[in-house]
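Colleague: Would you mind keeping the following structure in view while I ask a few things?
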Amino acid sequence: MTTVYEPWDETRGAEIIAEHSRQEGATLVILHALQEAFGYVPEAAIPMVAQALNLSRAEVHGVFTFYHDFRHKPAGRHVLKLCRAEACQAAGGDALAARAEATLGVSLGSTTADDRVTLEPIYCLGLCATAPSAMLDGRLFGRLDEKRIDALVAEAKR
Amino acid sequence: MSIRLYVSRDAGALAVGADEVALALEQAAAKRGIAVEIVRTGSRGLYWLEPLVEVATPQGRIAFGPVTKADVPSLLDALASNTPHLLRLGATDEIPWLKRQTRLTFARCGVIDPRSLDDYRAHGGYKGLERALSLGSEAILNDVTASGLRGRGGAGFPTGIKWKTVAQAKADRKFIVCNADEGDSGTFADRMIMEGDPFLVIEGMTTAGITVGATKGYIYIRSEYPHAVEAMNAAIVAAKRDGYLGANIGSSTHSFDLEVRVGAGAYICGEETSLLESLEGRRGLVRAKPPLPAHHGLFGKPTVINNVLSFAAIPFILAEGAKAYADFGMGRSRGTMPIQLAGNIRHGGLFETAFGVTLGELVDDIGGGTFTGRPVRAVQVGGPLGAYFPRALFDTPFDYEAFAARDGLIGHGGIVVFDDSVDMRKQARFAMEFCAVESCGKCTPCRIGSTRGVETIEKIINGERVSENLALVEDLCNTMKFGSLCALGGFTPYPVLSALKHFREDFVPAPTTLQAAE
């Protein structure tokens with residue numbers, strides 16, 4: 001299940017911004033909406049957000065770069081997030097993360113050369129009683145072991 | 001005759017295949033010509049038994065678990081012919097792990113359909129709000145104060161006092177903010193209640209609104225919880241439709257509206273002032289206190305900001321009375337705490353119980369030790385900022401003050417269990433690393449201290465001037481503890497210092513036998 005994103009388009013971007021700009025404290029809401037549509041927050045959208053909210057470009061850029069979620073460029077076709085927080089560490093998550101890195105040939109936080117898989121750490125999915133856990137394109141997986149992580153990686157690579 | 005089945009739609013159950021099981025049940029039943037109705041509930045919190053399948057019988061619900069797709073045909077056969085099945089656990093309410101609990105906040109979680117307001121009301125929902133509307137502000141404040149409820153986010157500040165401060169503040173607008181940025185590893189109670197009983201959170205927030213005179217509320221949910229976001233949004237739509245949100249709530253003169261806002265992957269936004277900044281659309285930089293949010297909160301207006309579990313405790317207190325809640329607990333920790341057992345644990349899940357249960361009972365007895373079967377060596381209580389406790393401190397009762405007296409904190413009630421393969425040097429380094437990555441950068445002890453902390457612990461791991469560097473880490477922790485603006489920099493020393501103190505042998509290599517032989 002791959003999420004299909006629209007290519008960046010200024011008119012469409014302006015529409016999305018206008019749709020949310022009347023809310024109080026709209027910056028994050030707008031950045032989320034842009035990323036949901038385009039898969040990332042295009043550089044060109046930052047000054048447009050600033051203008052719509054009567055903020056400086058630096059302020060919006062500051063918000064955009066503060067939060068881990070917002071992407072500067074599109075992710076790979078599939079996004080595999082591995083929980084790296086303490087509960088998953090306690091349940092053997094370190095070894096599974098290393099295994100996924102080795103199989104994909106990339107380290108956490110990067111995308112494979114063929115743009116198929118983005119492998120990312122996530123700090124807690126709240127599945128701490130069924131650790132170690134992961135999220136593949138929004139679907140959740142718990143009680144991971146070597147076999148299950150291999151299957152997830154294989155699915156992501158397809 | 002139709003068989004009514006219950007399968008959880010909680011994220012923790014989905015992660016281990018609940019959707020697959022529900023689908024398989026539907027398909028297998030259709031194939032056999034058996035009529036089934038599958039109700040998707042929240043989770044009971046017995047995660048090692050998920051996916052849990054319950055069946056309605058005249059004697060109550062009977063549980064089966066953990067069920068896999070492959071078990072479905074035999075399970076349906078057993079149900080249709082009323083014969084025994086290997087996965088049968090008996091009456092759900094009689095499962096000892098559940099029966100031992102005192103479920104006040106989580107009474108409905110896993111029982112009702114979280115999408116159904118009718119189901120919520122049929123199980124006692126909105127009784128608290130109805131009473132609140134008849135009581136009026138002052139009497140509600142008395143009840144909340146008398147219940148002894150303290151902030152369940154971790155700080156443990158008395159909720160009644162916070163609400164009273166906002167109620168007395170004069171302003172054109174006031175706000176209610178629910179902190180659902182549950183970022184601590186080992187905690188999932190907020191997620192569970194939002195997914196399993198979302199109307200409870202709405203009822204608690206609405207009660208806060210009518211008490212302090214606020215007409216707008218926000219629920220700030222972390223982006224890592226998409227299922228909770230969906231559940232809360234669906235519940236808000238349903239509550240609006242039935243007149244429980246919006247103008248003239250329950251035909252009263254009070255109005256209250258709610259909106260979900262989604263975080264963006266910043267741990268620091270669980271800190272209340274950082275959360276308010278984020279809600280206002282800014283970088284999540286921590287604000288200096290005072291002024292308190294109660295006086296100068298969201299958009300500069302008086303604001304009640306509470307954790308999900310604090311709001312979720314309110315309906316019980318109002319429906320059953322302050323005393324019914326305060327009768328549970330010990331010392332100044334009144335009522336119940338939804339404790340979350342996590343990590344390397346055999347029976348992981350949510351265990352709501354009165355304060356006072358010991359750490360050892362929770363880990364060994366209720367949790368059943370590790371799932372790897374190896375001895376428990378360390379447990380981290382209260383998330384990434386909580387202390388590591390060794391077995392020697394397992395007599396510590398679950399109570400705000402008792403944990404503080406032993407240089408720890410109960411935080412949001414999460415317990416992460418580690419077996420004897422844990423390397424405490426790695427855990428200490430991780431605590432500093434996490435702080436360095438998540439620091440908002442506003443104050444120096446947290447921003448710089450955490451980075452220096454990582455470097456210094458690395459030197460210790462590499463065996464460089466170990467005793468000098470240990471002293472340096474301790475000194476650094478002291479600076480962070482007393483010099484940081486908020487709990488991120490201020491509490492990161494807890495896991496680090498507790499690891500150093502209770503697991504010293506991991507940091508200081510044992511003297512070599514070679515020297516002894518000379």
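Colleague: Cα extents of the protein assembly as shown along the three principal axes, largest first, in whole Å?
Modeller: 82, 65, 59
Colleague: Treating each Cα of chain B as an identical point scatterer and ignoring solvent, apply the Debye formula and state log10 I(q)/I(0) at q = 0.06, 0.09, 0.10, 0.13 Å⁻¹.
Modeller: -0.30, -0.67, -0.81, -1.27
Colleague: Let me understand the range B:103-247 better: what is its radius of gyration from the alpha carbons, and its Dmax, in angstrom?
Modeller: Every Cα atom of the range B:103-247 included, Rg and Dmax give 14.9, 41 Å.
Colleague: Given C-alpha coordinates of the range B:253-322, what is the ratio Rg to Rh with the Kirkwood estimate of Rh? Could you put the intermediate results ahead of the total?
Modeller: On the way: Rg = 14.1 Å, Rh = 13.7 Å.
Ratio of gyration radius to Kirkwood radius for the range B:253-322: 1.03.
Colleague: Which cross-chain or sequence-distant (5 or more) residues have an amide H under 5 Å from the amide H of B:V376, H modelled 1.01 Å from N in plane?
Modeller: Counting only residues 5 or more places away or on other chains, the set is B:T370.
Colleague: Hey, got the average number of other protein chain Cβ atoms within 10 angstrom for residues in B:454-460? Provide the component values of the computation, followed by the final result.
Modeller: Values: counts 0, 0, 0, 0, 0, 0, 0.
Counting other chains' Cβ atoms within 10 Å and averaging over B:454-460 gives 0.
Colleague: If you don't mind, another one. If I fit a long axis through the Cα atoms of helix A:93-104 and take the longest principal axis of the Cα atoms of chain A, what angle between them do I get, 0 to 90°, rounded to 10?
Modeller: 80 degrees
Colleague: What's the FRET efficiency of B:E94 with B:R346 using the Cβ-Cβ distance as r and R₀ = 25 Å, to the nearest 0.05? List each step's numbers first, then the result.
Modeller: On the way: r = 20 Å, r/R0 = 0.80.
Step by step, r from the Cβ atoms, then E = 0.80.
Colleague: Right, something else. Can you compute 3J(HN,Hα) from phi for each residue in the range A:107-122, using the Karplus curve 6.51 cos²θ - 1.76 cosθ + 1.60 with θ = phi - 60°, rounded to whole Hz and x for Gly and Pro?
Modeller: 8, 3, x, 9, 10, 5, 4, 7, 6, 7, 10, 9, 9, 9, x, 9
Colleague: Near the amide H of B:V16, under 5 Å away, which other amide H atoms are found, from residues 5 or more places off or on another chain, if H is placed in the peptide plane?
Modeller: A:G142
Colleague: How much length, in nm to one decimal, is gained on full extension between A:Q23 and A:A151, taken as 0.36 nm per residue of separation minus their Cα-Cα distance? All intermediate terms of the calculation are to be shown ahead of the outcome.
Modeller: On the way: separation 128, 0.36 × 128 = 46.08 nm, distance 4.29 nm.
Length gained, A:Q23 through A:A151: 41.8 nm.
Colleague: Once R0 is set to 51 Å, what does the formula 1/(1 + (r/R0)^6) return for the Cβ-Cβ distance between B:S467 and B:A326, expressed as a FRET efficiency to the nearest 0.05? All intermediate terms of the calculation are to be shown ahead of the outcome.
Modeller: Numbers: r = 49 Å, r/R0 = 0.97.
For R0 = 51 Å, the calculated efficiency reads 0.55.
Colleague: Once the Cα gyration tensor of chain A is found, what semi-axes does its equivalent ellipsoid get, as square roots of 5 times the eigenvalues, in whole Å, sorted largest first? Don't jump to the answer; show the numbers that get you there.
Modeller: Details: eigenvalues 223, 56, 31 Å².
Computed over chain A, the values are 33, 17, 13 Å.
Colleague: Could you derive backbone 3J(HN,Hα) for the range A:36-47 from the dihedral phi with the Karplus parameters 6.51, -1.76 and 1.60 (θ = phi - 60°), listing whole Hz in sequence and x where the residue is Gly or Pro?
Modeller: 5, 7, 9, x, 7, 9, x, 3, 5, 7, 4, x
Colleague: Just need the Rg to Rh number for the range B:319-461, please, alpha carbons only, Kirkwood Rh.
Modeller: Details: Rg = 17.0 Å, Rh = 16.4 Å.
So for the range B:319-461, dividing Rg by the Kirkwood Rh gives 1.04.
Colleague: Now a separate question. Need the C-alpha centroid separation for the range A:31-106 versus the range B:394-414, integer Å.
Modeller: One Cα centre to the other: 35 Å.
Colleague: In a shell of Cβ-Cβ distance under 9 Å around B:S278, excluding B:S278 itself, what net charge do Lys and Arg (+1) and Asp and Glu (-1) give?
Modeller: Numbers: positive: B:R261, B:R282, B:R283; negative: B:D181, B:E277, B:E280.
In short, 0.
Colleague: When A:D150, B:D506, B:D395 are ordered from fewest to most other Cβ atoms inside 10 Å of their Cβ, what list results? Numbers along the way, then the final one.
Modeller: Values: A:D150 15, B:D506 20, B:D395 12.
Result, fewest neighbours first: B:D395, A:D150, B:D506.
Colleague: Which one of B:P338, B:F311, B:V376 has its Cα pushed farthest toward the positive end of the charge dipole of chain B, where Lys and Arg give +1 and Asp and Glu give -1 at the Cβ?
Modeller: The residue sitting farthest along the positive end of the dipole is B:F311.
Colleague: By average Cβ neighbour count within 10 Å, what is the ranking of B:397-406, A:102-111 from highest down? It would help to have the intermediate numbers written out before the result.
Modeller: Values: B:397-406: 17.8, A:102-111: 15.2.
In descending order of packing, they fall as B:397-406, A:102-111.
Colleague: 222 nm [θ] for chain B, helices only, -39500 (n - 2.57) per DSSP H run of 4+, per residue, to 500? Mind showing how you got there, number by number?
Modeller: On the way: 22 runs with 215 residues, N = 518.
So the calculated ellipticity at 222 nm is -12000 deg cm²/dmol.
Colleague: What would the Debye formula give as log10 I(q)/I(0) at q = 0.11, 0.14, 0.17, 0.18 Å⁻¹ for the alpha-carbon point model of the range A:1-93, no solvent?
Modeller: Debye curve over Cα of the range A:1-93, log10 I(q)/I(0) at q = 0.11, 0.14, 0.17, 0.18 Å⁻¹: -0.38, -0.56, -0.74, -0.80.
Colleague: Only four residue types carry charge here, +1 at the Cβ of Lys and Arg and -1 at the Cβ of Asp and Glu. Report the dipole size of the protein assembly as shown about the Cα centre in Debye, rounded to the nearest 20. If you can, show how the numbers build up before the last one.
Modeller: Values: 70 positive and 79 negative charges, 173 e Å.
Roughly 820 debye, rounded to the nearest 20.
Colleague: Next up: Place a label point 7 angstrom from the Cα of B:R447 along the Cα-to-Cβ direction, then list the residues of the range B:289-307 whose backbone nitrogen is under 18 Å away.
Modeller: Under cut-off, by backbone N: B:289.
Colleague: Here is a further query. Output needed: Cys residues of chain A lacking any neighbouring Cys C-beta below 4.7 Å, sorted by number.
Modeller: Unpaired cysteines in chain A: A:C124, A:C128.
Colleague: Also, I was wondering about something else. What is the average number of partner chain Cβ atoms found within 10 Å of a Cβ in B:282-288?
Modeller: Numbers: counts 8, 8, 4, 2, 0, 0, 0.
Mean shielding count: 3.
Colleague: Could you please rank B:E438, B:E272, B:E464, placing first whichever residue has the fewest other Cβ atoms within 10 Å of its Cβ? Don't skip to the end; give the middle numbers.
Modeller: Working: B:E438 22, B:E272 27, B:E464 11.
The order, fewest Cβ neighbours first, is B:E464, B:E438, B:E272.
Colleague: How high is the FRET efficiency from B:K69 to B:D242, r the C-beta distance, R0 35 Å, rounded to 0.05?
Modeller: 0.40
Colleague: May I pose another question? Using 0.36 nm per residue, how much length does the chain from B:R32 to B:A288 gain when fully extended, once their Cα-Cα distance is taken away?
Modeller: On the way: separation 256, 0.36 × 256 = 92.16 nm, distance 6.48 nm.
Once the chain is fully extended between B:R32 and B:A288, it gains 85.7 nm.
Colleague: Across 5 Å bins from the origin, how do the percents of Cα pairs in the range B:5-74 run, short distances first?
Modeller: Bins of 5 Å from zero give 4, 19, 30, 27, 15, 5, 0 percent of pairs.
Colleague: Here's something else I'd like to know. Rank these for me by crowding, B:V308, B:V237, going from fewest to most other beta carbons within 10 Å. Working shown, then result.
Modeller: Values: B:V308 30, B:V237 13.
Ordered by Cβ neighbours within 10 Å, fewest first: B:V237, B:V308.
Colleague: For peptide B:412-420, compute the average count of partner chain beta-carbon atoms within 10 Å of each residue's beta-carbon. Can you show the working numbers first?
Modeller: On the way: counts 0, 0, 6, 2, 9, 3, 5, 3, 0.
Neighbouring Cβ atoms belonging to other protein chains average 3 per residue here.
Colleague: Explain nothing, just compute: Karplus ³J(HN,Hα) = 6.51 cos²θ - 1.76 cosθ + 1.60, θ = phi - 60°, for every residue of the range B:199-216 in order, whole Hz, x for Gly and Pro.
Modeller: 5, 4, 5, 4, 4, x, 5, 4, 4, 4, x, 6, 6, 9, x, 9, 10, 9
Colleague: Let me ask another. Using only the alpha-carbon atoms of the range A:42-125, report the extent along each of the three principal axes, biggest first, to the nearest angstrom.
Modeller: 48, 31, 15
Colleague: Same structure, new question: Dimensions of the range B:127-185 along principal axes (Cα, Å, largest first)?
Modeller: Computed over the range B:127-185, the largest-to-smallest principal extents equal 40, 28, 20 Å.
Colleague: Work out, in µm²/s and without decimals, the Stokes-Einstein translational diffusion coefficient of the range B:404-518 at 10 °C, 1.306 mPa s, Rh from Kirkwood over C-alpha pairs.
Modeller: Numbers: Rh = 14.9 Å.
Estimated via Stokes-Einstein, D reaches 107 µm²/s.
Colleague: Determine how many Å³ per residue the convex hull of the Cα atoms of the range B:346-424 encloses.
Modeller: Values: hull volume 6.8 nm³, N = 79.
So the per-residue Cα hull volume is 86 Å³.
Colleague: Here is a further query. Counting only residues 5 or more places away or on other chains, whose amide H sits under 5 Å from the amide H of A:H68 once H atoms are built in the peptide plane?
Modeller: The list, which skips near neighbours in sequence, is B:A266.
Colleague: Just to be sure I understand: of the beta bridges DSSP finds with both ends in chain A, what percent are antiparallel, rounded to 5? Let's see the in-between values first.
Modeller: Numbers: 8 of 14 bridges.
Percentage antiparallel, nearest 5: 55.
We did not get these values from a lab; they are worked out from the coordinates using the rules stated. Since we're looking at a predicted model, the values are computed, not measured. Virtual Cβ from ideal backbone geometry, glycine too; neighbours counted across all protein chains shown.
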